[in-house]
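Heads up: the structure comes next, in structure tokens.
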Amino acid sequence: ERGCKARSSSPIKWSRTFGSPSGYPPITSTADSTSYYDVDFLYEATRELYSHTEQPSLDPVVFFKLVLVGYLENITNDRRLLEHCAMRLDLLYFLGYELDEALPWHSTVSRTRQLYPATVFEQLFDRVFGLCVQQGLVAGL
């Protein structure tokens, strides 16, 4: 529909509350990680950047969540960022992934990053980050 890859639902479900590192929304089994801030604007803002005829791309909400994690964790390499996220249950949940669901390839994240002109990327990231600050999810930066 939006040129984004749909992920299949997994039989494994989150069943407990995880401790949340500072800088991320509280993570529980019942709360959607985007319920603390509305990032649906990303779909409209990025619609023209995604192809509607080729292979579906990485969901822009997932992409900007990954970028946010990289920024907060000071990880600048996409491969290391995905390895880091794959090892952290709280980050998997924050990204909206199930325990047995594979994260995107680092090359997919890199290609998605190249879709965005620098000014558009900065504006969107600043808006996402600003929402997190506004909701008290990020402090001490």
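General remarks:
- At R0 = 25 Å, FRET efficiency that the Cβ-Cβ distance of Arg47 and Trp105 yields, to 0.05: 0.60
- For Ser57, distant residues with modelled amide H under 5 Å away: Cys4, Lys5
- Solvent exposure of Asp126, expressed as accessible area, is near 100 Å², computed with a probe of 1.4 Å over the protein chains only.
The values are calculated or read from the model by the stated rules, or taken from the named source; none is laboratory data. From a predicted model like this one, the values you see are computed outputs, not experimental measurements. Positions of Cβ are backbone-derived with ideal geometry, glycine not excepted, and every protein chain shown enters the neighbour counts. Areas reflect the complete protein model, heavy atoms only, side chains present, ligands, DNA and RNA absent. Shrake-Rupley method; radii C 1.70, N 1.55, O 1.52, S 1.80 Å.
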